[in-house]
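Single-structure report; data block below.
The values are calculated or read from the model by the stated rules, or taken from the named source; none is laboratory data. Everything numeric in this text was worked out from a predicted model, so none of it was measured. Please note: Cβ atoms are built from the backbone with ideal geometry, for glycine as well, and neighbour counts cover all protein chains shown.
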């Protein structure tokens, strides 16, 4: 009996002293002499864990403390990265090629890392197709309408392709990665869109249910609550919500005379901040509708700050020359950092700003714009 008791104690002590670790190992073919870095990609920032110089054969092994909640890690070689998802103390094997490190690799031991590889591949394909379209548009090989239609087709194909990972297992790292994946700096899934809001709601609920104490769960819940607060304001602007609204982000862009105009110059007025493209087919009728509203409400304090994302500067200047409101242009076109900051994923997109510059409402339905203006004014 004493012997059995002693053996039990030893086993318990051994188990308690065994450190739970995450292991990422594998081979980088053709990587001899190159520096391989292992990092943790937390919500707030990416932190360095370890690095090594690959030897002949390219074998590597990194170890770090096991995670208590699903987390992301990065293998970095030169300027190429592989995203890795980990749930606890598993061993994940990555076999890659140094020359095509970010795309040419296999995964063992992590289904979610395999999913992330597929999502990343779809994103790369989307970026390449978008770059080709942008080149054709800038060279005037295709019309603005053909460009817009083609981008919408590409966007739908991409979203349809990655949505399976979102709805298949909303509490997974693959779902999180797919939902917040960015293309050219823009989040593809828009929490303020009726359709995409469902995806954010599903993933936020999944993470809040199974990983409630994680930073990523809190992040998802906050994003979804922000979108929910906006939806509530659309239905009932007097209804209080528990989410703190953020002030608008400053915009400074040149008008048709080349003079920089700040969005903040319009403080003290109700402002319709509008992102648009004058070369799009909708632009003419759309601006005619805006003009009717502007003439009707400008005496009550309405101003319009319209941001053009047209790549053709001359066309924009001609089209905007007779408009009575503030018109500016971002030469970065669809790669606009301002559009990215406001999470603009389609054109036209508008925001109604209060006299203090705070965002009152994101306008998702242009037919509801006048009603929103009446309530704001």
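Does residue 149 meet the test of being at pLDDT below 90 and surrounded by fewer than 17 Cβ atoms within 10 Å (Cβ to Cβ)?
On the way: at pLDDT below 90: yes; surrounded by fewer than 17 Cβ atoms within 10 Å (Cβ to Cβ): yes.
Against the criterion (at pLDDT below 90 and surrounded by fewer than 17 Cβ atoms within 10 Å (Cβ to Cβ)), residue 149 qualifies.
Would you confirm, using the coordinates I've provided, whether residue 343 is within 31 Å of the chain's Cα centre (by Cα) and without any contact (Cβ under 8 Å) to a residue 24 or more places away in the chain? Full working, then the answer.
Working: within 31 Å of the chain's Cα centre (by Cα): yes; without any contact (Cβ under 8 Å) to a residue 24 or more places away in the chain: no.
Taking the combined requirement at face value, the residue does not satisfy it.
Do the conditions hold for residue 343, that is, is it more than 30 Å from residue 197 (Cβ to Cβ) and either outside any loop (DSSP other than H, G, I, E, B) or not assigned by TED's automatic domain parsing to the domain that holds residue 182 (or both)? Write out each step before concluding.
On the way: more than 30 Å from residue 197 (Cβ to Cβ): no; either outside any loop (DSSP other than H, G, I, E, B) or not assigned by TED's automatic domain parsing to the domain that holds residue 182 (or both): yes.
Answer is no for this residue.
Of the residues 318, 328, only one is in contact with a strand residue (DSSP E or B) (Cβ under 9 Å, 6 or more places away or on another chain) and at pLDDT 90 or above; which?
Numbers: 318 fails: in contact with a strand residue (DSSP E or B) (Cβ under 9 Å, 6 or more places away or on another chain).
Residue meeting the stated conditions: 328.
(1) in a strand (DSSP E or B); (2) touching a residue at least 40 places away in the same chain (Cβ under 8 Å): which one isn't true of residue 303, the others all being true?
Every listed condition holds for residue 303 apart from (2).
Check 127, 216 and return the single one that is in contact with a helix residue (DSSP H, G or I) (Cβ under 7 Å, 6 or more places away or on another chain), part of a helix (DSSP H, G or I) and not assigned by TED's automatic domain parsing to the domain that holds residue 335. Spell out the reasoning first.
Working: 127 fails: in contact with a helix residue (DSSP H, G or I) (Cβ under 7 Å, 6 or more places away or on another chain).
Testing whether each residue is in contact with a helix residue (DSSP H, G or I) (Cβ under 7 Å, 6 or more places away or on another chain), part of a helix (DSSP H, G or I) and not assigned by TED's automatic domain parsing to the domain that holds residue 335 leaves just 216.
Pick out the one residue from 290, 323, 309 that is more than 21 Å from residue 146 (Cα to Cα) and crowded, with 19+ Cβ neighbours inside 10 Å.
Details: 323 fails: crowded, with 19+ Cβ neighbours inside 10 Å; 309 fails: more than 21 Å from residue 146 (Cα to Cα).
Matching residue, one of 290, 323, 309: 290.
Residues being at pLDDT 95 or above and loosely packed, with under 15 Cβ neighbours inside 10 Å: count how many of those fall in segment 101-110.
Going through segment 101-110 one residue at a time, the tally reaches 2.
Does residue 67 meet the test of being closer than 23 Å to residue 219 by Cα and either surrounded by fewer than 16 Cβ atoms within 10 Å (Cβ to Cβ) or out of contact with any strand residue (DSSP E or B) (no Cβ under 7 Å at 6 or more places or on another chain) (or both)? Full working, then the answer.
Working: closer than 23 Å to residue 219 by Cα: yes; either surrounded by fewer than 16 Cβ atoms within 10 Å (Cβ to Cβ) or out of contact with any strand residue (DSSP E or B) (no Cβ under 7 Å at 6 or more places or on another chain) (or both): no.
It is false that residue 67 is closer than 23 Å to residue 219 by Cα and either surrounded by fewer than 16 Cβ atoms within 10 Å (Cβ to Cβ) or out of contact with any strand residue (DSSP E or B) (no Cβ under 7 Å at 6 or more places or on another chain) (or both).
Considering segment 81-94 alone, what residues qualify as being buried (at least 16 other Cβ atoms within 10 Å of the Cβ) and assigned to a strand (DSSP E or B)?
81, 82, 83, 84, 85, 86, 92, 93, 94
So that you can scan it fast, the table gives a plain yes or no per residue for (1) surrounded by fewer than 19 Cβ atoms within 10 Å (Cβ to Cβ); (2) without any contact (Cβ under 8 Å) to a residue 40 or more places away in the chain; (3) closer than 30 Å to residue 91 by Cβ; (4) not assigned by TED's automatic domain parsing to the domain that holds residue 222:
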| residue | (1), (2), (3), (4) |
| --- | --- |
| 132 | yes, yes, no, no |
| 137 | no, no, no, no |
| 158 | no, yes, no, no |
| 162 | no, no, yes, no |
| 176 | no, no, yes, no |
| 182 | yes, yes, yes, no |
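Would you mention how many residues in segment 268-286 are surrounded by fewer than 14 Cβ atoms within 10 Å (Cβ to Cβ) and either within 12 Å of residue 304 (Cα to Cα) or touching a residue at least 24 places away in the same chain (Cβ under 8 Å) (or both)?
We begin by selecting, within segment 268-286, every residue surrounded by fewer than 14 Cβ atoms within 10 Å (Cβ to Cβ); these are 268, 284-285.
Still in the running and either within 12 Å of residue 304 (Cα to Cα) or touching a residue at least 24 places away in the same chain (Cβ under 8 Å) (or both): 268.
Count: 1.
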